[in-house]
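Here, each number is a calculation from the coordinates, and none is a lab measurement. Note that the structure is predicted; figures quoted are calculated from it, not measured. A quick note on method: Cβ atoms are made from the backbone with ideal geometry, for glycine too, and the neighbour counts reach across all protein chains shown.
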Amino acid sequence: MDSPIIQLLVLAGIAVFLILRLKNVLGTRDGFEGPPRSQLPAENQTRRDFEVISNDGPDRDIIDHVAEDSEAAGALAEMKRIEQDFGVADFLQGAKGAYEMILMSFERGNIEEIESFLSDDVRDAFSQVIKSREDQGLTIEAEFVGVRETTLADATFDSSSKTAEVSVRFIGELISVVRDSYGNAIEGKPGQSKRQKDLWTFQRVMGTDDPNWRLVATSE
């Protein structure tokens, strides 16, 4: 025989031998067998868990902040239906940042830089307070320490206008010193912080291109 033919026969014999050995070690399988349930790929397990939570279980993003059967929960669910990328936790994080920005701009009398985040009524009320301080010759030295608490207090949704309102209770801490026209401190002490409690209501028309929530009401 030619040398190449002999080599092929030898390789074929080795292959048959290896196949027989593998059968003895691993056994045989008839037909198609999927992976055992306990060994499902992580991606499939994640998908099934997500489907259970989103289709059959409560929305944790909502009920972590309001009672499951409350009107506020229903309002938040409607907001999510209109805008699927809306998240309650994300909103509260944004509201926390807005609280610091708006509060400090108001304390320092810089109303212009926050006008786009205020309703007309709130802007006018802030402007009147700032003007009154200026007329009295008062100045404020303010330093923001931090937000100690951010809690969703209420939520409403008007389905006809798609107007959403969310009320948030803040407990902030800041250093604020009010000085008269002579520079004397008449309220607050330098370096001494105080806590401030506020209940703010933000409003937005869902499903529009304008992403800004506007502050429409303030109270303590």
For this session: Measure up LYS80/LYS194; LYS80/LYS197; LYS96/LYS194 against 26 Å on the Cα-Cα distance and list the ones that go over.
Result: LYS80/LYS194; LYS80/LYS197
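Hey, got a sec? Which chymotrypsin sites (Phe, Trp or Tyr not before Pro) in region 159-220 land in a DSSP loop and have at most 12 other Cβ atoms within 10 Å?
Values: sites: PHE170, TYR182, TRP200, PHE202, TRP213; in loops: TYR182, TRP213.
Qualifying residues, ordered by number: TYR182.
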Exercise. How long is the gain from SER116 to THR150 if the chain were fully straight, where each residue apart is worth 0.36 nm and the alpha carbon distance is subtracted?
Worked result: 10.0 nm
Seminar exercise, completed: At 20 °C in a medium of viscosity 1.002 mPa s, region 69-188 has a Stokes-Einstein diffusion coefficient, with Rh taken as the Kirkwood radius over alpha carbon pairs, in µm² per second, of 130 µm²/s
Exercise. Could you give me the ³J(HN,Hα) list for region 176-193, computed from phi with Karplus coefficients 6.51, -1.76, 1.60 and θ = phi - 60°, whole Hz, x at Gly and Pro?
Worked result: 9, 10, 9, 10, 7, 5, 9, x, 7, 6, 10, 7, x, 10, x, x, 9, 8
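Taking K and R as +1 and D and E as -1, what net charge do the other residues with C-beta under 13 Å from the C-beta of ARG214 add up to?
Details: positive: ARG123, ARG204; negative: GLU115, ASP120, ASP121, GLU165, ASP210.
After counting each charged neighbour, the total is -3.
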Exercise. So how long is each side of region 152-220 along the principal axes, counting just the alpha-carbon atoms, biggest first, in Å?
Worked result: 54, 23, 16
Seminar exercise, completed: Between ASP158 and ASP180, the two model label points (7 Å from Cα along the beta-carbon direction) sit apart by a distance in nm of 4.7 nm
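Between ALA77 and LYS131, take the C-beta separation as r, use R0 = 41 Å, and let me know the FRET efficiency to the nearest 0.05. Write out the running numbers ahead of the final one.
Values: r = 42 Å, r/R0 = 1.03.
According to the calculation, E is roughly 0.45.
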Seminar exercise, completed: In this structure, the FRET efficiency calculated for ASP198 and ALA67 from their beta-carbon separation, with R0 = 25 Å, to the nearest 0.05, is 0.65
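For GLU187 and THR208, FRET efficiency with R0 = 30 Å and r from the beta-carbon atoms, rounded to 0.05? Intermediate values should be presented prior to the final figure.
Details: r = 41 Å, r/R0 = 1.38.
Computed FRET efficiency for THR208 and GLU187: 0.15.
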